[in-house]
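Peer 1: Can you keep this structure in mind? I'll have questions shortly.
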Amino acid sequence: MSNERKAGTQIVAAVLLIAAFASFCFLVFYRLRYNWNWHDFLVYHQQILRGWYVTIAISLGALAASGILGILLLLGQRSGLKALEWFCRGYVEFVRGTPLLVQLMVGYYLVSDALGLSNKIVIGILLLASFAGAYIGEILRGGIESIDREQIESARAVGFDRFQVYRYVVFPQAIRRVMPALAGQFVSLVKDSSLLSVIGIGEFTQEIRIANAATYSAFEGFVPLALGYLVLTIPISIAARSLERRMQYES
């Protein structure tokens, strides 16, 4: 099959799937027989947009901070210093073994108060990053340890030093292997930001709840809520897939 014909078949299949999904959604909403109250709900559109911008700011900050923390945890576990290795391992197990909601409550009402932190946005970023960083560190560690020992020994045999081994042999393969898991973790981090409403941060989900309560609405808020998070998470997945294909091509 030629490339043009294959591309045309894929486009037709995509259009049919989208049409089928749209028809299903229309049928569900039609049979719902719900009196939509968009006029009153959209009065709060500026407030909702502010919450969405807050979610974007928190997500970007937490993505960057969690990536840095994950790398630090990876280096700590592979440092060769037993005390540091045990500390990093204990931190990872504690974070992965306790619910995020509990960590948010304890981190906000106990830890941040003890440290004198008062900016809720900064606190939210740090709490999300401390949670996601543990998972990212484990993802990176798993990717590095999945590289065959023979490849490392072969690289050293041809004269590579430790830095060159990791730069040219370990990291390219490890990053390619863990890219889907990292993308999934970043997407989860964006969605987990909705839990920050429990500590009083006026993010996207919190503002939607306020608008729903003010207009006595039941479903009007869920549509923009889903679309707002999709706008944030889909680009992450697309970028991760594009980077993964590029790295496969380069390898």
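The values are calculated or read from the model by the stated rules, or taken from the named source; none is laboratory data. Small disclaimer: the values here were computed from a predicted structure and weren't measured. For neighbour counting, all protein chains shown are included, and Cβ atoms are generated from backbone atoms with ideal geometry for every residue, glycine included.
Peer 1: Does the range 111-128 contain any residue that is assigned by TED's automatic domain parsing to the domain that holds ALA64 and within 18 Å of LEU182 (Cβ to Cβ)? Let's see the steps before the verdict.
Peer 2: The first filter runs over the range 111-128 and keeps only residues assigned by TED's automatic domain parsing to the domain that holds ALA64, leaving 111-128.
Filter once more, so that each one left must be within 18 Å of LEU182 (Cβ to Cβ): 128.
Within the range 111-128, one or more residues are assigned by TED's automatic domain parsing to the domain that holds ALA64 and within 18 Å of LEU182 (Cβ to Cβ).
Peer 1: Just checking, which of LEU117, LEU63, LEU72, LEU101 is surrounded by 14 or more Cβ atoms within 10 Å (Cβ to Cβ), in contact (Cβ under 8 Å) with a residue 40 or more places away in the chain and hydrophobic (A, V, I, L, M, F, W, C)?
Peer 2: Unique residue meeting the criteria: LEU63.
Peer 1: Given the conditions (1) within 22 Å of PHE222 (Cα to Cα); (2) of a type outside the set (D, E, K, R); (3) at pLDDT 75 or above, report the number of the one that GLN10 does not fulfil.
Peer 2: It fails just one condition, (1).
Peer 1: Say we look at the range 1-60 and pick out the residues that are loosely packed, with under 12 Cβ neighbours inside 10 Å and polar (S, T, N, Q); which of these is nearest to GLY124 (Cα to Cα)?
Peer 2: Among those that are loosely packed, with under 12 Cβ neighbours inside 10 Å and polar (S, T, N, Q), it is GLN46.
Peer 1: Take the range 35-55 and flag every residue that is under 13 Å from GLY221 (Cβ atoms) and not β-branched (Val, Ile, Thr).
Peer 2: TRP36, ASN37, TRP38, ASP40, PHE41, LEU42, TYR44, HIS45, GLN47, GLY51, TRP52
Matching residues to (1) of a type in the set (Asp, Glu); (2) free of Cβ contacts under 8 Å to residues at least 24 places away in the same chain; (3) closer than 23 Å to VAL102 by Cα; (4) loosely packed, with under 14 Cβ neighbours inside 10 Å:
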{"position": "ILE144", "(1), (2), (3), (4)": "no, no, no, no"}
{"position": "TYR166", "(1), (2), (3), (4)": "no, yes, no, no"}
{"position": "GLN185", "(1), (2), (3), (4)": "no, no, yes, no"}
{"position": "LEU243", "(1), (2), (3), (4)": "no, no, no, no"}
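Peer 1: Also, I was wondering about something else. For residues in the range 195-220 being in contact with a Phe, Trp or Tyr (Cβ under 7 Å, 6 or more places away or on another chain) and among the small types (Gly, Ala, Ser), which is surrounded by the fewest Cβ atoms within 10 Å (Cβ to Cβ)?
Peer 2: Applying the filter and picking the extreme gives ALA214.
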